[in-house]
Amino acid sequence: MKKKVVVGLSGGVDSSVSAYLLQQQGYEVIGLFMKNWHDDSVTISDECPWLDDSNDAMMVADKLGIPFQTVDLSEQYKERIVDYMFNEYERGRTPNPDVLCNREIKFDVFMKIALSLGADYVATGHYCRKGEIEKEGETIYQLLSGKDNNKDQSYFLCQLTQEQLSKTLFPIGELQKSEVRKIASEQNLVTADKKDSQGLCFIGKVRLPDFLQQKLQPKEGKIIEIEAEKDLYSSETPKFSNKQEELDFLARKYEYAAEDGKVVGKHQGAHYFTKGQRKGLAVGGTPEPLFVIDTDVIDNVIYTGQGKNHPGIYRKGLFINKDEVHWVRKDLAINNDDTLRVKARIRYRQPLQDATLHQTEAGMYVIFDDPQASITEGQFVAWYEGEELLGSGVIS
């Protein structure tokens, strides 16, 4: 019996080539397109609306001679991704919809639909690889980075579980993007030269403020500039009486008050801004551009600093609440008071950074060897050993 694989055909080149490769490997392949969005008022409509994508996906399926259908997941998407995003922005955090979309939609709702169709596996066009090892008589699945360093997408899958990995295939993980495009054009697939889609997972490009304004009303507030020479950045490291105090110090956020700086402009809502942001502030006349160093959604204030080397942008560590620590490799999870040396990243495509994990009763501290720019609450930190992603967590 041929093994059956359902491929999430997104209408892009990566998933198209994934379907072709699986077919070549002798699998019985079914193409499924996920429709996740109904509201066109916030999408920049000429940028990859879902209709064009579903047509492209259908044409690829037709060319490969595989069954194809569309599943409408917009209800689950709204509930699990959109509502979550609004909620996070309202709390002054910046969520990562792509990581969530993989955890909640592609590898959960979508996977369940695929398995109900009798599939043995689900496949996606992600640039990452799956490894298998035997340990104490048990098969353990590894999430490995893609061979194309420039396109590696393991970070977006940092919340996957052993169960989900056991049922997943990543057909293009060993390939470079250029090889994927070459295969697509050799097979005359309509997606061969299609630009990679940007923007929210499955929605296409969205004007984030427009999107957020549906739920979060604009509200005028102050933009305050904090000088780099402020006392609160003094580099004196205090004496610590225990390890916990030191970890708290290294992972702490700077706390700002309006009187710490001067008002340099106005904004339409602190929840529309994120740390490290430079565009959209509309404040001119400073020797160096202003960057957001913090947002206060309660008092509706944005704190900014001049230049990308402003001390308010950098921190040595971060904290993850106990219930938001996730191990892909549960067998390697560390216990309270244990530490682990890892490589970590706090955003997609950031080069891996040397860091140490410290597990405590309350949660996990990730302390970096070098200070990191714009550690942002609500985003994910993922940690690796070599090419393998071991776990991740939500920055608290």
Notebook entry, point to check: Which of the lysines could a cross-linker span from Lys195 if the Cα-Cα distance has to be under 17 Å and same-chain partners fewer than 8 positions apart are dropped?
Noted result: Lys151, Lys177, Lys182, Lys205
Note to self: Output needed for segment 265-333: three equivalent-ellipsoid semi-axes, defined as square roots of 5 times the C-alpha gyration tensor eigenvalues, in descending order, whole Å.
What the structure shows: 32, 15, 10
Margin query: Under a Cβ-only charge scheme (Lys and Arg +1, Asp and Glu -1), can you give me the dipole magnitude of the chain about the Cα centre, in debye to the nearest 20?
Written below: 660 debye
Next item on the list: Would you mind giving the three semi-axes, in whole Å and largest first, of the ellipsoid equivalent to segment 4-213 according to its Cα gyration tensor?
Entry: 26, 22, 16
Notebook entry, point to check: Taking R0 as 30 Å, what's the FRET efficiency between Asp210 and Asp323 from their Cβ-Cβ distance, rounded to 0.05?
Noted result: 0.40
Check: Using 0.36 nm per residue, how much length does the chain from Gln187 to Thr139 gain when fully extended, once their Cα-Cα distance is taken away?
Finding: 13.7 nm
Checklist line | Simple spin-label estimate for Gln244 and Asp370 in nanometres, 7 Å along Cα-Cβ | finding: 3.3 nm
Notebook entry, point to check: Using only helices, what value at 222 nm comes out for the chain when you add -39,500 (n - 2.57) per DSSP H run of length 4 or more and divide by the total residues, to the nearest 500 deg cm²/dmol?
Noted result: -5500 deg cm²/dmol
Notebook entry, point to check: Mind checking the log10 I(q)/I(0) for segment 314-394 at q = 0.10, 0.17, 0.21, 0.23 Å⁻¹? Debye, one equal scatterer per Cα, no solvent, two decimals.
Noted result: -0.19, -0.58, -0.93, -1.14
Check: Regarding segment 95-191, what are the three Cα extents along the principal axes, ordered largest first, in Å?
Finding: 42, 33, 29
Next item on the list: List Asp62, Asp231, Asp323 from most exposed to least, where exposure is judged by having the fewest other Cβ atoms within 10 Å.
Entry: Asp231, Asp323, Asp62
Checklist line | Residues Ser10, Ser241, Ser374 arranged by fewest to most Cβ contacts within 10 Å | finding: Ser241, Ser374, Ser10
Checklist line | DSSP loop GluC sites (Glu not before Pro) with at most 11 other Cβ within 10 Å: longest gap in the chain | finding: 1-135
Checklist line | the chain: C-alpha pair distances exceeding 30 Å, % | finding: 46 percent
Note to self: Which of Met59, Met34, Met111, Met1 has the fewest other C-beta atoms within 10 Å, and how do the rest follow up to the most?
What the structure shows: Met1, Met59, Met111, Met34
Note to self: Suppose the chain between Asn87 and Glu179 were pulled fully straight at 0.36 nm per residue; how much longer would it get relative to their current alpha carbon spacing?
What the structure shows: 29.1 nm
Next item on the list: Taking the Cβ of Lys112 as the centre, find all other residues whose Cβ is under 12 Å away and add up their charges (Lys, Arg: +1; Asp, Glu: -1).
Entry: -1
Margin query: Can you give the local net charge around Met59? Use residues other than it whose beta-carbon is closer than 13 angstrom to its beta-carbon, Lys and Arg +1, Asp and Glu -1.
Written below: -2
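Read-outs: derived from the displayed coordinates by stated rules, not from any lab. This one's a predicted model, so the numbers in the text were calculated from it and none came from an experiment. Because the Cβ atoms are built from the backbone with ideal geometry, glycine has one as well, and the counts that use them run over all protein chains shown.
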